[in-house]
Amino acid sequence: MQERFETFTVLINRISRNIRKIKNQEMAAYHLRSAHVSCLYYIYSMDHATATDLCERCEEDKATISRALEYLESTGFITRDTESAKRYKSPIDLTEKGLEAGKKIADKINGILNQISTDLAEEERIAFYRSLSIISESLEGMSKKI
């Protein structure tokens, strides 16, 4: 049982660390960090994203998303219309610089997903994601009881 726990936690941590490392390496030229990359990806992928939407999609807290958006706005990746609603509910738009970075991020993500999928049959990939979802939901349920 202990070996199963250690294997599970080590592999999950390794995957997470490698994803952050790839994000940080790929976006170093833009001076972006992992949270910035996630925000840009979802803004690029979604229509009319808000900070609230990003909190849900990125699975990050409001403070992390707020800091990331402040940075992206101050460095010219995004603009926000703050006249129509509260800041966290106002629409976020990509600038030309943001569109360029968003496209690069989306292309890189698609390339990585295609590359890692080559060693998995479609049925294996589906089963893997289903298993991850079940584990995630179970752990989330348990964490709420604590």
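Hey, can you tell me all the residues within the range 133-146 that are of a type outside the set (S, T, N, Q) and either modelled with pLDDT under 90 or loosely packed, with under 11 Cβ neighbours inside 10 Å (or both)? Write out each step before concluding.
Taking the range 133-146 as the starting set, the residues that turn out to be of a type outside the set (S, T, N, Q) are 134-135, 137, 139-142, 144-146.
Across the range 133-146, the qualifying residues are 134, 137, 139, 140, 141, 142, 144, 145, 146.
Taking only pairs six or more apart or across chains, which ones have beta-carbon atoms under 8 Å, a first residue in the range 23-35 that is at positive phi, and a second residue that is at pLDDT 85 or above and surrounded by 15 or more Cβ atoms within 10 Å (Cβ to Cβ)?
Once the first residue is at positive phi and sits in the range 23-35, its partners that are at pLDDT 85 or above and surrounded by 15 or more Cβ atoms within 10 Å (Cβ to Cβ) give 31/75.
Residues in the range 116-133: is at least one under 20 Å from residue 53 (Cβ atoms) and out of contact with any helix residue (DSSP H, G or I) (no Cβ under 6 Å at 6 or more places or on another chain)?
No: the range 116-133 contains no residue that is under 20 Å from residue 53 (Cβ atoms) and out of contact with any helix residue (DSSP H, G or I) (no Cβ under 6 Å at 6 or more places or on another chain).
Assigned to a helix (DSSP H, G or I), in contact (Cβ under 8 Å) with a residue 60 or more places away in the chain and more than 25 Å from residue 63 (Cα to Cα) - does that describe any residue in the range 110-126?
Scanning the range 110-126 turns up at least one residue that is assigned to a helix (DSSP H, G or I), in contact (Cβ under 8 Å) with a residue 60 or more places away in the chain and more than 25 Å from residue 63 (Cα to Cα).
Here is a list of conditions, (1) out of contact with any helix residue (DSSP H, G or I) (no Cβ under 9 Å at 6 or more places or on another chain); (2) part of a helix (DSSP H, G or I), and residue 99 meets all of them except one; can you say which number that is?
So the condition that residue 99 fails would be (1).
So residue 43 clears everything in (1) within 22 Å of residue 136 (Cα to Cα); (2) in contact (Cβ under 8 Å) with a residue 24 or more places away in the chain; (3) among the β-branched types (Val, Ile, Thr) except one condition, right? Which one?
Among (1) within 22 Å of residue 136 (Cα to Cα); (2) in contact (Cβ under 8 Å) with a residue 24 or more places away in the chain; (3) among the β-branched types (Val, Ile, Thr), residue 43 violates only (1).
In the range 77-103, which residues are under 19 Å from the mean Cα position of the chain (by Cα) and free of Cβ contacts under 8 Å to residues at least 12 places away in the same chain?
Correct list: 100 only.
Of all residues in the range 45-104, which are touching a Pro at 6+ places or on another chain (Cβ under 9 Å) and of a type outside the set (S, T, N, Q)?
Those that are touching a Pro at 6+ places or on another chain (Cβ under 9 Å) and of a type outside the set (S, T, N, Q): 48, 49, 80, 81, 85.
The values are calculated or read from the model by the stated rules, or taken from the named source; none is laboratory data. Just so you know, these numbers come straight off a predicted model, no measurement behind them. In this analysis, Cβ positions are derived from the backbone assuming ideal geometry, glycine residues included, and neighbour counts consider all displayed protein chains.
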